[in-house]
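Written below as structure tokens is the structure these notes are about.
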Amino acid sequence: MKRFHVHVAVNELPESVRFYSELFGAEPSVLRDDYAKWMLEDPRLNFAISRRGQAAGVNHVGFQVEGEEELRDMRARLKVADASLIEQSAQACCYAKSDKYWVTDPQGIAWETFHTLEAIPVYGEEGQVPSKSSASACCVPLAAVRSRD
């Protein structure tokens, strides 16, 4: 079963953690100095916030899937929807390692579909130069951002 995913860049993490904890009636399931995530069941949502130098606002949306078969099914849908599909394997991002696919919708919003493989102790692999043929720096690949401009 898929879980809807929203990632919002925030200016002040503690203030945002307080706000979203009250809004959701739950504390984050993951809380770091620069990141927080709520895995909610009602609604079924993976909601993440981070403070990592990005402009405040919706960073990306997408679907978290529970297994490789569901990820392959979503890949087929995404490929039809957007020929510039970006594939990433075992990508370190947001304190997790995941297999993922990225597309950009007609409005320029990045959509991520991913299967989490494991939790990791770091936010991601900073300093890499993203491209369609290689793993990218954390979260939205630059190739997806460029296609939005």
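The table below lists the values:
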{"read-out": "Residue that is nearest to the chain's Cα centre (by Cα), among those in the stretch 41-85 that are farther than 14 Å from H7 by Cβ and part of a strand (DSSP E or B)", "value": "R44"}
{"read-out": "Pick from the stretch 38-79, criterion within 13 Å of Y101 (Cα to Cα) and out of contact with any strand residue (DSSP E or B) (no Cβ under 6 Å at 6 or more places or on another chain), ranking: surrounded by the most Cβ atoms within 10 Å (Cβ to Cβ)", "value": "E70"}
{"read-out": "The one condition in (1) farther than 20 Å from R51 by Cβ; (2) exposed (fewer than 13 other Cβ atoms within 10 Å of the Cβ); (3) modelled with pLDDT of 75 or more that P121 fails to fulfil", "value": "(1)"}
{"read-out": "Complete set of residues in the stretch 7-36 that are among the aliphatic types (A, V, I, L, M) and within 20 Å of I120 (Cα to Cα)", "value": "V30, L31, A36"}
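The values are calculated or read from the model by the stated rules, or taken from the named source; none is laboratory data. Fair warning: this is a prediction, and the values are worked out from it, not measured in the lab. Cβ sites come from the backbone with ideal geometry, for glycine too, and all protein chains shown count toward neighbours.
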